[in-house]
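The block underneath contains the structure these notes are about, expressed in structure tokens.
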Amino acid sequence: MIILLALVALVQGDKPKPLTLEQQKERLDSRGDWPPVIAGRRSFGKFCENAYTFCDVNICSEVKDIGKIELVNPFPDDYKPTWREILDTVARQTQTSYSYSDKIDETGSWNFEKPAKPLPFKVTLGKGWTQEDRGLYLFCKPPNALVGMDVYLLGTYSFEKDAAKEELKIRDKLALRFLSKISPDTKVEDMKKVTIDGAEAVSFEAPAPKKEVTWRQWVFVKDGQAFAIVSALDNDKADLVKDVQAQVASFKCVKDEKKK
């Protein structure tokens, strides 16, 4: 059964036509008023409804139960992403890929389908560690603990000018967001600067809310993509801390040769 998650336009007269290639690019590169679309947490189904209602963007999918998947807005509140950046994070979080066609909706739509795009990075895990792609983040589990390290994909970013400077601002805002409940009084100046895959990252560690657990994080932007590597380990797991540090050092971005 085909699941159509975009609203069907009730129009009189000529039926809307699919976008041309030029129009598709213009739409993907546009930064329209999008906040109602993925503000807070919304399901993919609600995202599609809002995209059509508020922004006249038609989105469809045949993937079973995709409409129930909860989406998270990864962008800082004052950043206005392009539609390409919005669709990229939605595809990542739903573990799908998207393309434009009239396959489902003959008037033209952005269709989300399996499989997901490969992760845009690689990490070398320590002995006995396993990993699981959970869409918004890569879950990395050590052999003798329930949790170990997660790598979050926090959106792609673009700027008309001063890109390097603006990326650092994004990095700092995301770093503070992760610490908002761990160490809310921390400032960017309190964080250490380290290099990860050639990018300047800010790192910080602090006691976690759970006793005898330490929170560690590294946040950076590489090739326009924002990442946060986080870890919460018991204080008696010194061997796992060394593994995490080595895994952070092994992080490498992977270029997508088929990027739109």
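Every read-out reported here was derived from the displayed coordinates using simple, explicitly stated rules and does not represent laboratory data. Nothing here was measured: the structure is a model prediction, and the numbers come from that model. We place every Cβ from the backbone using ideal geometry, glycine too, and count neighbours over all the protein chains shown.
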Q | Projected area, mean over directions - the range 121-253, Cα convex hull, nm² | A | 8.0 nm²
Q. Looking at the range 186-260, which GluC sites (Glu not before Pro) are in a loop (DSSP not H, G, I, E or B) and have at most 11 other Cβ atoms within 10 Å?
A. E212, E257
Q: Determine the alpha carbon to alpha carbon distance for each of K117/K237; K122/K193; K68/K161 and list only those over 32 Å.
A: K117/K237; K68/K161
**Q.** Partners for K17 among aspartates and glutamates (Cα-Cα distance below 17 Å; same-chain residues under 8 apart left out)
**A.** E26, D56, D102, D105, E106
Q) Net charge near K237, counting Lys/Arg +1 and Asp/Glu -1 over other residues with Cβ under 15 Å of its Cβ? A) 0
Q: For the range 21-113, list log₁₀ I(q)/I(0) at each q in 0.18, 0.19, 0.21 Å⁻¹, using the Debye formula over Cα point scatterers of equal strength and ignoring solvent, two decimals each.
A: -0.77, -0.86, -1.08
Q | Contact order relative to length of the chain, as percent, for alpha carbon pairs under 8 angstrom and 6 or more apart | A | 16 percent
Q: Please give the helix 238-249 orientation as an angle from the longest Cα principal axis of the chain, in degrees from 0 to 90, rounded to the nearest 10.
A: 50 degrees
Q | Selected from L146, L154, L174 as most flexible by GNM, with the chain as the system and alpha-carbon contacts under 10 Å | A | L146
**Q.** Residue with peak Gaussian network fluctuation, the chain [Cα springs, cutoff 10 Å], from T107, T89, T156
**A.** T107
**Q.** P(r) of the range 43-91 over all Cα-Cα pairs, binned every 5 Å from zero, in whole percent
**A.** 5, 18, 29, 30, 13, 3, 1
Q) How large is ³J(HN,Hα), in whole Hz, for each residue of the range 182-189 in order, when computed from phi with the Karplus curve 6.51 cos²θ - 1.76 cosθ + 1.60 and θ = phi - 60°, using x for Gly and Pro? A) 8, 8, x, 8, 5, 10, 4, 4
Q: At 7 Å along the Cα-to-beta-carbon direction for both D102 and K127, put a label point, then send me their distance in nm to one decimal.
A: 6.1 nm
Q.
In Å and on Cα atoms, what radius of gyration and Dmax does the chain show?
A. 20.0, 71
Q: Mind pulling the angle between the C-alpha long axis of helix 163-179 and the longest principal axis of the chain? Nearest 10 degrees, somewhere in 0 to 90.
A: 70 degrees
Q. Of all trypsin sites (Lys or Arg not before Pro) in the range 166-224, which ones are in loop regions per DSSP and have a Cβ with at most 11 other Cβ atoms within 10 Å?
A. K181, K187, K210, K211
Q. Using alpha carbons only, how many degrees (0 to 90, rounded to 10) separate the axis of helix 83-94 from the longest principal axis of the chain?
A. 70 degrees
Q) Can you tell which of F121, F227, F75 shows the greatest fluctuation in a Gaussian network model of the chain with Cα springs below 10 Å? A) F121
